[in-house]
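Worksheet: one structure, shown below.
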Amino acid sequence: MKRPWVRTTLGNGLQVVVVEAPGAPLAELRLVVPYALTDPREAAARELLAARLGTSSTTRDRQAVADRTADLGAELSTVVTVEQLLLSVSVLSEGLEGTLELLGDLLIRPAHRDLPAAPPPSPRPAGPRTALRRAVLTHAFGPHPLAAAPPPPRAVTTDDLYAFHRRAVVPAGSVLLVMTGADPDRVLRLVAEHLGPWTGGPSGLTLPPFGRTAPAPGRLALRHPGADQALLLTAGPAVPSTGPGHAALHLAQLVLGGHASSRLTRRLRERHALAYAVSAALRENAAGSWLEVECAGAPGTADRLAAEAADVLRELAEDGPTPQEAERARRYAAGFTRFALATRAEEASALAGFAARGVDVDWLPAYAEAVGGVTHAEVAAACRAFLQPEKTLLATADGSGRTAGNEGRAGNEGQEGKA
């Protein structure tokens, strides 16, 4: 559903979005902070800060913050993605002002006490899935922070953590979304009062774009001794979610592998019993967008998985989906849209994500209408444009020794990968 909303930017650069939810017993707050790992040397401080953010300030220790949160009837959590830090608060409506005061205290006057004295233990070598994903992103788009291996762990000092907090947790470039039944003008005044003194930024912690806008196609095979399954991962061309033609591509992706009766599922699981996990998804972040197929099967089946997936791509590119498949995908997309907004907490998180991308917070309802208007011919055209296997990088990882044929071919360059 579309809700009334207002959007403004404070003098410190913080974007504030207030979404009206009349009668809501809870207020939902979502603070989205750019938090991409752009410098591997900051990895340890980035991880530690995310774990400690919101736990104490110079005026409140950890217990005092917990007591104040309980008094307000609030729940606070922090989630980190490849490009953002999301701080979420659900609070009783009458506790909104107290929550904004607490949030301002934690952001403006952080306290990082009792840091670990020793560096964390060295991570185990990357597993086959992680190694394959890094290889796919590198071969498809070129070297990029998303595909970089983590640096060796090191101890983080108090000075390190405060310095990174000052750089990363800043208002300029961040977005605060408040979904509440309170008067929007009053909410904006409260936000300005408690978060207006917050300073700093922008941090520059945003993902750089990929070196290539479309993935380099080809075939890549990695050997990962000891792997207990065969993996397939692809990268194909796509269009951003705000770009023309995305709705048709979304339906094409669902026909390909987005639900239980998709082409890939029927071919790889039901007909040939090759894979026990099959999916296709549209991936998107600040670096770029791509169409991804991911499958897992028994060891020794990697080449067969790749061949069958390429056949399914080719069939859809050449013949398109049936009208029944397109309509089934449309119904699935409409149902998923409603599910994504099923609760106010989920709705607030989704809307905050839209706001952070710079689009209207009511983008999803408008997108649902766009999906409903996509014709069968438009879905077929999207299949022709985006699902051709010749435009796709098909990569596999297997632990059963050398796969049969095609090992290590990526584009026109023969190379064997060993994860």
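Results, tabulated for the structure shown:
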quantity	calculated
First in segment 82-106 and outside the structural domain of ARG357 (by TED's automatic domain parsing), second anywhere and aromatic (Phe, Trp, Tyr), Cβ under 6 Å, 6 or more apart	GLN84/TYR35; LEU85/TYR35
Condition broken by VAL278, with the remaining ones in (1) within 22 Å of the chain's Cα centre (by Cα); (2) part of a helix (DSSP H, G or I) satisfied	(2)
Criterion violated by VAL359 - all others in (1) buried (at least 17 other Cβ atoms within 10 Å of the Cβ); (2) in contact with a Ser or Thr (Cβ under 9 Å, 6 or more places away or on another chain) satisfied	(1)
GLU416 being closer than 24 Å to ALA147 by Cβ, at pLDDT below 95, of a type in the set (Asp, Glu) and surrounded by 18 or more Cβ atoms within 10 Å (Cβ to Cβ)	no
Filter result (touching a helix residue (DSSP H, G or I) at 6+ places or on another chain (Cβ under 8 Å) and either surrounded by fewer than 21 Cβ atoms within 10 Å (Cβ to Cβ) or of a type in the set (Phe, Trp, Tyr) (or both)) within segment 28-39	TYR35, LEU37, THR38
Selection status of LEU188, closer than 30 Å to LEU31 by Cβ and among the aliphatic types (A, V, I, L, M)	yes
Enumerated strands (runs of 3 or more DSSP E) restricted to segment 21-103, each holding at least 1 residues that are acidic (Asp, Glu)	26-34, 74-80
Residues that are among the charged types (D, E, K, R) and surrounded by 19 or more Cβ atoms within 10 Å (Cβ to Cβ), drawn from segment 219-255	ARG219, ARG223
Those residues of segment 293-311 which are surrounded by fewer than 23 Cβ atoms within 10 Å (Cβ to Cβ) and not small (Gly, Ala, Ser), in sequence order	GLU294, PRO299, ASP303, ARG304, GLU308, ASP311
Residues of segment 154-182 satisfying the condition of being of a type in the set (Asp, Glu) and either under 18 Å from ALA348 (Cβ atoms) or under 29 Å from the mean Cα position of the chain (by Cα) (or both)	ASP160
Number of the exception - GLU292 against (1) of a type in the set (Asp, Glu); (2) in a loop (DSSP other than H, G, I, E, B); (3) closer than 29 Å to ARG330 by Cβ	(2)
Residues of segment 113-152 satisfying the condition of being surrounded by 20 or more Cβ atoms within 10 Å (Cβ to Cβ) and either in a loop (DSSP other than H, G, I, E, B) or of a type in the set (A, V, I, L, M) (or both)	ALA131, LEU132, ALA135, VAL136, LEU137, ALA140, LEU146
Test: residue in segment 325-343 that is part of a helix (DSSP H, G or I), closer than 24 Å to LEU29 by Cα and of a type in the set (Phe, Trp, Tyr)	yes
Residue match in segment 156-165 (condition: modelled with pLDDT of 95 or more, of a type in the set (Val, Ile, Thr) and either crowded, with 16+ Cβ neighbours inside 10 Å or outside any loop (DSSP other than H, G, I, E, B) (or both))	no
Selection status of THR55, polar (S, T, N, Q), within 18 Å of ALA163 (Cα to Cα) and at pLDDT below 95	yes
Members of segment 199-218 that are more than 15 Å from TRP290 (Cβ to Cβ) and either assigned by TED's automatic domain parsing to the domain that holds ARG304 or surrounded by fewer than 18 Cβ atoms within 10 Å (Cβ to Cβ) (or both)	THR199, PRO202, GLY204, THR206, PRO208
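Rundown of residues vs (1) surrounded by 14 or more Cβ atoms within 10 Å (Cβ to Cβ); (2) under 30 Å from GLU369 (Cβ atoms), yes/no style:
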position	(1), (2)
LEU26	yes, yes
ALA45	yes, no
GLY54	yes, no
THR58	no, no
LEU87	yes, no
VAL91	yes, no
GLU94	no, no
LEU102	yes, no
LEU106	yes, no
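The values are calculated or read from the model by the stated rules, or taken from the named source; none is laboratory data. Keep in mind that what you see is a predicted model, and the values were worked out from it rather than measured. So basically every Cβ, Gly included, is an ideal-geometry build from the backbone, and we count neighbours across all protein chains shown.
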